[in-house]
Amino acid sequence: MFRSVMLRFVLPVAFASCVVAYFGLPYIERLLAEWFRSDVELRSQLVMHSMEEPLADLLGKGSEARLRGYLTKVTADERLLAILVCRPDGTTIFKTERTPSAITCAENAAKSPAEAHVVQLPSARCRCRASISTRPRRRRFAC
């Protein structure tokens, strides 16, 4: 009796579950990766837009100590690694302490600010996004 129930119900359900998991896992993985990427993109846009005015004021006043303090507070979020403030020609105005050496203003000057790009670091991959400030023209990168 027990063997009959196993053969009629449990084994087909287990087999069907395995088939669904095998074919459904790539879809779920792709869905989660896309969600994570869009979440990071939205977060970086929010950070860039919220920083624009205070950053322009701090750069205009030339107070490096206050600028360092402000950017240190912004990068305290565990998902934000570094912020670079660059001139349009690719020279660095300011960068936060945790900025990896693989990420520079000169390397990113040619990249389009409309799209994020991935930088391979020794320990992980980092998604970088550029933003151009309208007052005085500066480029910012958040990773």
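Output the peptides 18-29, 93-104 sorted from most to least packed, where packing is the average of other Cβ atoms within 10 Å over each peptide's residues.
Sorting 18-29, 93-104 by mean packing, highest first, produces 93-104, 18-29.
Which Rg and Dmax, in Å, describe the Cα atoms of the stretch 1-77?
That works out to 26.7, 85 Å for Rg and Dmax.
All of the numbers you see were taken from the coordinates with simple rules; none came from a lab. Quick caveat, the model's predicted, so the values are computed rather than measured. Note: ideal-geometry Cβ built from the backbone for every residue, glycine included; neighbour counts use all protein chains shown.
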